[in-house]
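Asks: Please read through the structure below; I'll follow up with questions.
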Number of protein chains: 2
Amino acid sequence: MPTSIREVARHAGVSIATVSHVINNTRYVKEETRKKVQDSIEQLGYCPNAIARSFKTGRHNLIAFITPDIANPFYSAMIEEVEAVISAKGYRLLICNTKEDAVKEADALRVLANGVVDGFIIASAFLSYDPIAKMLPANLPVIFVDRSLENNPCDTLLIDNYHALQKGIEYLIHQGHTHIAYITVKNQLSTVIERRAAYEDTMASHHLPTDDLVFIANPLSSLFSDNLAPLLREDITAIAVPNACLSTEVLTFLEEHGRIPGKDIEAIGYKESNQPQYINPSISLISQPAEALGRAAGHQLLERMSNPDLPTCRTILSATFIPKTDRHKI
Amino acid sequence: MPTSIREVARHAGVSIATVSHVINNTRYVKEETRKKVQDSIEQLGYCPNAIARSFKTGRHNLIAFITPDIANPFYSAMIEEVEAVISAKGYRLLICNTKEDAVKEADALRVLANGVVDGFIIASAFLSYDPIAKMLPANLPVIFVDRSLENNPCDTLLIDNYHALQKGIEYLIHQGHTHIAYITVKNQLSTVIERRAAYEDTMASHHLPTDDLVFIANPLSSLFSDNLAPLLREDITAIAVPNACLSTEVLTFLEEHGRIPGKDIEAIGYKESNQPQYINPSISLISQPAEALGRAAGHQLLERMSNPDLPTCRTILSATFIPKTDRHKI
DNA sequence: TTGAAAGCGCTAACAT
DNA sequence: ATGTTAGCGCTTTCAA
């Protein structure tokens, strides 16, 4: 049984109000009394019950970050930055891992939204805001990141997936490639759709067919994709993928089958954070500003919390295409 | 202002007790009454205040995982598994990132220990349990993972760092290498000390000097190490490192300077999770059971929570040395 | 089958 | 300069 404020008060021979004020520095207490209270706290090993305090004050200094995949360096990089930004203002970060499961996300939102956290940063597994709307109390500050949702009235920070990949595909085409394969995953997330559109639009604008060049892999970072075998087809001379996890898998797959990426076959990979990432073959990369996105999201949330009447913002950060010839500049 | 249980009660024309019992299924309520209450809940969009409930019941269904580096796949892999284990029992996971800062860790423990979480899993930045002892209420279930602390009376789950690396160094020596460099970091964590000891002991047992073969790099995953230049020395024919981040950095460094690992120079890298990790050069690896450690920690915590009188456990999971010739077996 | 009410630990308004 | 006390939203005991 942990000691309560009452016991400290009794031990120090003062009222609980005085103890509370000593702890919170919230009104003047005579030096002598303060000393007595502090001694009692020390002796009894008292530590204020944070839940009771939150309950009473309605403030929690807690932000929740909802991530679809904590094992994905893109999100862990974001998390690090969000944490840095908000902890400077005295907030702590609660991280929820939904594993791309909308049900898990809904569950987390329901539990946390009512009185547990002061705000959310969400990389959502939902495709639309509609089912989320009911779970969030009005005025609870929420920032959506990375993924665009239908009908979403909240602040949203995205990465421009389209143009970086467009540049990448253009680059390959200008190098003379006509059979550029594209790996994608089966879900309908905005990021997945946009990147695929970038690939298909760009190919189409150069009158290159893509019918038998698109392959579906498995969406979660920790699952190896199956069915990459067609990538070994003779006619395919270059490959693009929609994220870093697939980069890794595809590159590994190719090497295992004796085709050296960057040499026997061209490729565009993803670099989703500043984390050291060992990509040996000299291939082109799309670099996503995970850290900048995290920082921006943290700041925007603080902004929104201190000023709820701000107009909704929708920010798009650009990603960078780095041709293999420029890799030394990273 | 979110709706409270009182408003639901009034709206439904029943007492708050009945509403509470409907919500928690905690005593019989006439079907008709139950219906009324559920309708009111629906109409008012009521959601119970989790903080108030925690406050009242003293239970929170929250576990905190204290990690020194969330961007390190070793920890994010553990986190995934812990989360899977405890969420099956209805617990949620709060993740705190200390960035190897003992002050941050102490702060998190203090805040969370009193009434916020039901238990801790800690990969500590502290070297000794002594400073931690004061912050943790007696009987609060705590599991330490990955790192061994002095005077630690709590359940501890570790990985056998020593023997896997010993095997690795032996392997290199048997291949004829005599000048095997070792990269390490400057902190005094048990893992760092053990691995370095494995290196030095093994070298010594083969009468190989190590005086000018040990190099110090930077400990956090997201920081590139400086001063790796001496690794290019002619006499050094093999290199070992103490973790996956340094593997990546060292390998990248070597390639950038024209020395192909596994060909021009031998190396032992680390594989710290089941995540796809693209290590192209054919080098030997030490594989750490991050996932198994996470699962074991989750189970041990649940065990400890349901039975506080269990004798303290100290479990050591073994790591595996995978010679480069066996890489296909991964 | 349901209601009334105590009380969890704390903060803060009010009182002195 | 400090004490008294209401009350945050909820669960649960006791009473009916």
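The values are calculated or read from the model by the stated rules, or taken from the named source; none is laboratory data. Worth saying up front: this structure is predicted, and the values here are computed from it rather than measured. Positions of Cβ are generated from backbone atoms using ideal geometry, with glycine treated the same way; all protein chains shown enter the neighbour counts.
Asks: Could you check segment B:23-37 and list, in sequence order, the residues that are farther than 29 Å from A:T57 by Cβ and either within 7 Å of DNA strand C (Cβ to nearest atom) or assigned to a helix (DSSP H, G or I) (or both)?
Replies: B:R27, B:Y28, B:V29, B:K30, B:E31, B:E32, B:T33, B:R34, B:K35, B:K36, B:V37 - these are the residues of segment B:23-37 that are farther than 29 Å from A:T57 by Cβ and either within 7 Å of DNA strand C (Cβ to nearest atom) or assigned to a helix (DSSP H, G or I) (or both).
Asks: Every residue in segment B:8-22 that is away from DNA strand C (no atom under 11 Å from the Cβ) and not hydrophobic (A, V, I, L, M, F, W, C), please.
Replies: Matches in segment B:8-22: B:H11 only.
Asks: May I pose another question? Just to check your reading of the model, which residue among B:I51, B:I5 is facing another protein chain (nearest Cβ under 9 Å), crowded, with 17+ Cβ neighbours inside 10 Å and within 12 Å of DNA strand C (Cβ to nearest atom)?
Replies: B:I51
Asks: For segment B:105-154, give me the residue count where each residue is of a type in the set (D, E) and in a loop (DSSP other than H, G, I, E, B).
Replies: So the count comes out to 2.
Asks: Could we say that B:T57 is out of contact with any strand residue (DSSP E or B) (no Cβ under 8 Å at 6 or more places or on another chain) and farther than 29 Å from A:S54 by Cα here?
Replies: Considered against the rule, which asks whether it is out of contact with any strand residue (DSSP E or B) (no Cβ under 8 Å at 6 or more places or on another chain) and farther than 29 Å from A:S54 by Cα, B:T57 comes out as no.
Asks: Which one of these is away from DNA strand D (no atom under 12 Å from the Cβ), surrounded by fewer than 19 Cβ atoms within 10 Å (Cβ to Cβ) and on the phi < 0 side of the Ramachandran plot: A:E31, A:E42, A:E81?
Replies: Answer to the selection: A:E42.
Asks: Something else now. Given the structure, is B:R34 of a type in the set (D, E, K, R) and farther than 22 Å from A:V111 by Cβ?
Replies: Spelling it out, B:R34 is indeed of a type in the set (D, E, K, R) and farther than 22 Å from A:V111 by Cβ.
Asks: In the list B:A88, B:A133, which residue meets the criterion of being out of contact with any Asp or Glu (no Cβ under 9 Å at 6 or more places or on another chain) and farther than 26 Å from B:A292 by Cα?
Replies: B:A133
Asks: Another one. Just a yes or no: is a residue in segment A:279-287 farther than 17 Å from A:P323 by Cα and either in contact with a Phe, Trp or Tyr (Cβ under 9 Å, 6 or more places away or on another chain) or modelled with pLDDT of 80 or more (or both)?
Replies: Within segment A:279-287, not a single residue is farther than 17 Å from A:P323 by Cα and either in contact with a Phe, Trp or Tyr (Cβ under 9 Å, 6 or more places away or on another chain) or modelled with pLDDT of 80 or more (or both).
Asks: Among the candidates A:I66, A:I86, A:I159, which residue alone is within 14 Å of another protein chain (Cβ to nearest Cβ), over 27 Å from B:Y46 (Cα atoms) and in contact with a strand residue (DSSP E or B) (Cβ under 8 Å, 6 or more places away or on another chain)?
Replies: Only one candidate passes the filter, namely A:I86.
Asks: Which of (1) within 9 Å of chain A (Cβ to nearest Cβ); (2) within 12 Å of DNA strand C (Cβ to nearest atom); (3) assigned to a loop (DSSP other than H, G, I, E, B) is the odd one out, the single condition B:A71 does not satisfy?
Replies: Only one criterion is unmet by B:A71, namely (2).
Asks: Test of understanding: among B:A217, B:A198, which residue is under 22 Å from B:A319 (Cα atoms) and surrounded by 19 or more Cβ atoms within 10 Å (Cβ to Cβ)?
Replies: When all the criteria are applied, what remains is B:A198.
Asks: Looking for something within 11 Å of chain A (Cβ to nearest Cβ) and touching a Lys or Arg at 6+ places or on another chain (Cβ under 7 Å) - is there at least one such residue anywhere in segment B:55-62?
Replies: Looking for residues that are within 11 Å of chain A (Cβ to nearest Cβ) and touching a Lys or Arg at 6+ places or on another chain (Cβ under 7 Å), one finds at least one in segment B:55-62, hence yes.
Asks: Considering only residues that are assigned to a loop (DSSP other than H, G, I, E, B) and under 23 Å from A:P137 (Cα atoms), which ones fall in segment B:38-60?
Replies: B:G45, B:Y46, B:C47, B:P48, B:N49, B:H60
Asks: Kindly indicate whether any position in segment B:195-218 is within 14 Å of chain A (Cβ to nearest Cβ), in a loop (DSSP other than H, G, I, E, B) and under 20 Å from the mean Cα position of the chain (by Cα).
Replies: yes
Asks: Residue under question is B:G58, and the condition is that it be touching a residue at least 24 places away in the same chain (Cβ under 8 Å) and either of a type in the set (S, T, Y) or within 11 Å of DNA strand C (Cβ to nearest atom) (or both); does it hold?
Replies: It is true that B:G58 is touching a residue at least 24 places away in the same chain (Cβ under 8 Å) and either of a type in the set (S, T, Y) or within 11 Å of DNA strand C (Cβ to nearest atom) (or both).
Asks: Being of a type in the set (V, I, T), within 23 Å of B:G262 (Cα to Cα) and buried (at least 23 other Cβ atoms within 10 Å of the Cβ) narrows it down to one of B:I173, B:I180, B:I143, B:I159, so name that one.
Replies: It is B:I180.
Asks: I've got another one for you. Just the residues that are within 17 Å of B:G90 (Cβ to Cβ) and surrounded by fewer than 17 Cβ atoms within 10 Å (Cβ to Cβ), please, taken from segment A:84-113.
Replies: A:D101, A:V103, A:D107, A:R110
Asks: Got at least one residue in segment B:270-279 being within 27 Å of B:A77 (Cα to Cα), without any contact (Cβ under 8 Å) to a residue 12 or more places away in the chain and not assigned by TED's automatic domain parsing to the domain that holds B:D211?
Replies: no
Asks: How many residues does segment B:93-104 contain that are part of a helix (DSSP H, G or I) and more than 10 Å from chain A (Cβ to nearest Cβ)?
Replies: So the count comes out to 2.
Asks: Now a separate question. Inspect segment A:20-38 for any residue being within 30 Å of the chain's Cα centre (by Cα) and among the hydroxyl-bearing types (S, T, Y) and give the result as yes or no.
Replies: The answer is no, given that none of the residues of segment A:20-38 is within 30 Å of the chain's Cα centre (by Cα) and among the hydroxyl-bearing types (S, T, Y).
Asks: Condition test on B:A102, is it assigned by TED's automatic domain parsing to the domain that holds B:M305, modelled with pLDDT under 90 and out of contact with any Lys or Arg (no Cβ under 6 Å at 6 or more places or on another chain)?
Replies: Here the answer is no, as B:A102 does not meet what is asked.
Asks: Among the residues of segment B:155-168, which ones are in contact (Cβ under 8 Å) with a residue 40 or more places away in the chain and either among the basic types (K, R) or part of a helix (DSSP H, G or I) (or both)?
Replies: B:N161, B:H163, B:A164, B:L165, B:K167, B:G168
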